[in-house]
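Peer 1: Sharing a structure with you now.
The values are calculated or read from the model by the stated rules, or taken from the named source; none is laboratory data. Source: prediction; values computed, not measured. Because the Cβ atoms are built from the backbone with ideal geometry, glycine has one as well, and the counts that use them run over all protein chains shown.
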Ligand SMILES: *Cc1c(COP(=O)(O)O)cnc(C)c1O
């Protein structure tokens, strides 16, 4: 049974944890309630600003001021190879070889660019598999991509649904669906951590099952990158993409990431959309009509990167590098287990249900809670009355994500207490 006292939360926070970097982040003021700062559990939606980001941005503005066009080569951090500096830390974050990773564009754009390569439909093998309750953008991307290639989204997009009466997918059912449609599936592209339920999928097992039926395995890691340890190379994932503004704290609309497995990098038969940033940097300015694509994920990049938007990604990745995903995950599991314990003590009184699987192999930081009232209205009250910032998914789901870099046990306690106050009229301790 979880100790629900506020003192216990404070005592958990009094133990030094090198994975907690709260001092390096700017925590927003509480929108309401008795505490000065927000209990910010919405880092799965928009991560908080690292203190170092402002200086990083200013340095890039200064270089532009000082060097003009010569900043491409002469700035302290020259713009021409700027994105290459992000390659190693991004690769460490997702468990990839450096040349398998590139920081570019935004997430949905990258999904399309990767589908251009790894959705190669034939008359028979033309299907693409996604989760039924995937993020809308992924559904729109896949449906439009399929239609663009001349197939009917109604039949060519296969949507994975949980069993009747269940909220999350079972690995065995996913594998069974793949086997049932083995000959018609070209590509599988699902979320590593589901944005709605917080379910962490068994990426290696589903990837292996995808390869067994002769299809490509792609993963949308929007809610997984910076949340759970990943080993994309060893898991043999074909391609992946993620955004940098959720757990990666790089700011709204931040530059995203993409992964292509090594075995596809030297394969000249892989079709690809290209621009001048796909070509070998040594001959980039020769302005030849044909590209000489690099044997790296850079071959998928098109344009010169937005330097003013790259600094925040660099700042953020350096924090993840210092802490390391294993230490971060260890803290994350403790925080989320504590929040779950608190919520379980009030589940019956409040009429809430936790949808996110309890098994550590199947969840990240986020807990998704089904509430007996309008979720949007409830999150507004959590914020205004208690300073707890959570996020709602209509009609009845509230998502609470203690991001381990800056959230505390006391933040979790405040969230559970506020939820209980609002739903049952009494606090938790
Ligand atoms: C957040 C999120 C997106 C958002 O897409 P953008 O292209 O970054 O605007 C897409 N897919 C998933 C699964 C997400 O969680």
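Peer 1: On the given criteria, is residue 107 more than 18 Å from residue 210 (Cα to Cα), within 10 Å of the ligand (Cβ to nearest atom), in the same structural domain as residue 158 (by TED's automatic domain parsing) and crowded, with 17+ Cβ neighbours inside 10 Å?
Peer 2: Working: more than 18 Å from residue 210 (Cα to Cα): yes; within 10 Å of the ligand (Cβ to nearest atom): yes; in the same structural domain as residue 158 (by TED's automatic domain parsing): yes; crowded, with 17+ Cβ neighbours inside 10 Å: yes.
Yes.
Peer 1: Considering only the stretch 341-357, how many residues are in contact (Cβ under 8 Å) with a residue 12 or more places away in the chain, surrounded by fewer than 20 Cβ atoms within 10 Å (Cβ to Cβ) and assigned to a helix (DSSP H, G or I)?
Peer 2: Number of matching residues: 4.
Peer 1: Please note which helices (runs of 4 or more DSSP H) are completely contained in the stretch 113-201 and include at least 1 residues that are in contact (Cβ under 8 Å) with a residue 60 or more places away in the chain and within 13 Å of the ligand (Cβ to nearest atom).
Peer 2: Details: elements: 136-148, 153-156, 171-180.
Where helices (runs of 4 or more DSSP H) fall fully within the stretch 113-201 and carry at least 1 residues being in contact (Cβ under 8 Å) with a residue 60 or more places away in the chain and within 13 Å of the ligand (Cβ to nearest atom), they are 136-148.
Peer 1: Kindly indicate whether residue 226 is crowded, with 22+ Cβ neighbours inside 10 Å, in contact (Cβ under 8 Å) with a residue 40 or more places away in the chain and over 19 Å from residue 95 (Cβ atoms).
Peer 2: On the way: crowded, with 22+ Cβ neighbours inside 10 Å: yes; in contact (Cβ under 8 Å) with a residue 40 or more places away in the chain: yes; over 19 Å from residue 95 (Cβ atoms): no.
The answer is no for residue 226.
Peer 1: A follow-up question, please. In the stretch 85-106, how many residues are closer than 22 Å to residue 204 by Cβ and part of a helix (DSSP H, G or I)? Give the derivation first.
Peer 2: In the first step, residues of the stretch 85-106 are kept if they are closer than 22 Å to residue 204 by Cβ; the result is 90-101.
Of the ones still in play, those that are also part of a helix (DSSP H, G or I) are 90-94, 98-100.
Of the residues in that region, 8 qualify.
Peer 1: Go through the stretch 34-79 and give me each residue that's within 30 Å of the chain's Cα centre (by Cα) and surrounded by fewer than 16 Cβ atoms within 10 Å (Cβ to Cβ). Full working, then the answer.
Peer 2: Within the stretch 34-79, the subset within 30 Å of the chain's Cα centre (by Cα) is 35-61, 77-79.
Scanning the stretch 34-79 gives 35, 36, 37, 51, 54, 55, 58, 59, 61.
Peer 1: On the basis of being surrounded by fewer than 22 Cβ atoms within 10 Å (Cβ to Cβ) and away from the ligand (no atom under 16 Å from the Cβ), does residue 260 make the cut? Show your work before the answer.
Peer 2: Numbers: surrounded by fewer than 22 Cβ atoms within 10 Å (Cβ to Cβ): no; away from the ligand (no atom under 16 Å from the Cβ): yes.
Against the criterion (surrounded by fewer than 22 Cβ atoms within 10 Å (Cβ to Cβ) and away from the ligand (no atom under 16 Å from the Cβ)), residue 260 does not qualify.
Peer 1: Considering only residues of the stretch 71-84 that are part of a helix (DSSP H, G or I) and farther than 18 Å from residue 225 by Cβ, which is nearest to the ligand (Cβ to nearest atom)? Before you say what the answer is, go through the steps one by one.
Peer 2: Narrowing the stretch 71-84 to residues part of a helix (DSSP H, G or I): 71-74, 82-84.
Checking which are farther than 18 Å from residue 225 by Cβ leaves us with 71-74, 82, 84.
Working: 71: 28, 72: 27, 73: 31, 74: 33, 82: 21, 84: 23 Å.
Residue satisfying both the conditions and the ranking: 82.
Peer 1: If we scan the stretch 237-251, do we find a residue that is under 29 Å from residue 318 (Cα atoms), crowded, with 23+ Cβ neighbours inside 10 Å, away from the ligand (no atom under 16 Å from the Cβ) and modelled with pLDDT of 95 or more?
Peer 2: yes
Peer 1: Please go through the stretch 215-236 and give me each residue that is outside any loop (DSSP other than H, G, I, E, B) and away from the ligand (no atom under 11 Å from the Cβ), ordered by number. I'd like the intermediate steps shown before the answer.
Peer 2: Narrowing the stretch 215-236 to residues outside any loop (DSSP other than H, G, I, E, B): 216-220.
Residues satisfying the conditions are 216, 217, 218.
Peer 1: Since residue 306 meets every condition but one in (1) more than 16 Å from the ligand (Cβ to nearest atom); (2) surrounded by fewer than 17 Cβ atoms within 10 Å (Cβ to Cβ), which condition does it not meet?
Peer 2: All conditions are met except number (1).
Peer 1: Within the stretch 290-302, can one find any residue that is within 16 Å of the ligand (Cβ to nearest atom), more than 23 Å from residue 230 (Cα to Cα) and not in a helix (DSSP H, G or I)?
Peer 2: Within the stretch 290-302, one or more residues are within 16 Å of the ligand (Cβ to nearest atom), more than 23 Å from residue 230 (Cα to Cα) and not in a helix (DSSP H, G or I).
Peer 1: Select, from 220, 280, 267, the only residue that is within 25 Å of residue 156 (Cα to Cα) and in the same structural domain as residue 101 (by TED's automatic domain parsing).
Peer 2: 220
Peer 1: For residue 226, indicate whether it is at positive phi and modelled with pLDDT of 95 or more. Reasoning before the result, please.
Peer 2: Working: at positive phi: yes; modelled with pLDDT of 95 or more: yes.
Criteria met by residue 226.
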